[in-house]
1. With unit charges on the beta carbons (Lys and Arg positive, Asp and Glu negative) and the dipole taken about the Cα centre of the chain, which residue among GLN105, GLN132, ALA5 sits farthest to the positive side?
2. Leaving out ligands, DNA and RNA, and with a 1.4 Å probe, what % of the accessible surface on segment 43-156 is carbon or sulfur?
3. Do you know the relative contact order of the chain, to the nearest whole percent, from alpha carbon pairs under 8 angstrom that are 6+ apart?
4. Could you please state, rounded to a whole Å, how far the C-alpha centre of segment 14-83 is from the C-alpha centre of segment 123-138?
5. To the nearest 10 degrees, how steep is helix 85-99 against the longest Cα principal axis of the chain, on a 0 to 90 scale?
6. Taking every DSSP beta bridge with both residues inside the chain, roughly what % is antiparallel (nearest 5)?
7. Just the Cα atoms of the chain, one point each, no solvent: what log10 I(q)/I(0) does Debye give at q = 0.10, 0.11, 0.19 Å⁻¹?
8. With everything on Cα atoms, drop me the angle between helix 103-144 and the longest principal axis of the chain, reported from 0 to 90° to the nearest 10.
Amino acid sequence: MDGLAVKISWTKPEFTGYEIKISRGDFLRDKKHNEYLPYCTGFSFACPDKMIKKDEVEDNIGLIYCREDGSLRTVKKAPSIKPDTEALNYLLRYLVYYRSGSNRQQIEAAAKRVLLEQRNVREEKRKAIKYQNSLYDLRNRYYSIPHDVRKKYGEG
């Protein structure tokens, strides 16, 4: 299966499978899509515009055309099919266990994000101290100007 879209729902989840065909010969010789049907609540072929005819697709399978401009057109809506519950549960466990990253990977990624955030905070503190010192310097320079000069220019 080239793609699996999951519509998350507690009452009626959907698992739509997609098989992408890029040549007519591939469509005519490859019949492994039947092996994917037990994992899906819907299944469609996706192909270049008009490469496969609607009547060439089995009744339980949908058809989507990909146009030259990149847009998609549903030629035949994928009918609902009842998946094999055991097969679907196996697929979902496989996706969670082996395709979502290990705990170690997740912990390492979180640790990297924390380190990056700490570095950003240190940089922002450094900038704040720099601006604060510049402000203090300007204030000191201002007060070092004699009072009568400041008064002459409307200050003080």
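The values are calculated or read from the model by the stated rules, or taken from the named source; none is laboratory data. Everything numeric here is computed off the predicted structure, so don't read it as measured data. Backbone-built Cβ (ideal geometry, glycine too); neighbour counts: all protein chains shown. Keep in mind that these areas ignore ligands, DNA and RNA; they rest on the heavy atoms of the full protein, side chains included. Shrake-Rupley method; radii C 1.70, N 1.55, O 1.52, S 1.80 Å.
1. Of the candidates, GLN132 comes out farthest on the positive side.
2. With neighbouring chains kept in place, the figure for segment 43-156 is 53 percent.
3. It comes to 14 percent, rounded to a whole number.
4. Taking the Cα centre of segment 123-138 as reference, the centre of segment 14-83 is 62 Å away.
5. 30
6. Of all bridge pairs located within the chain, approximately 45 percent are antiparallel.
7. So the normalised log intensities are -0.60, -0.66, -1.13.
8. 20
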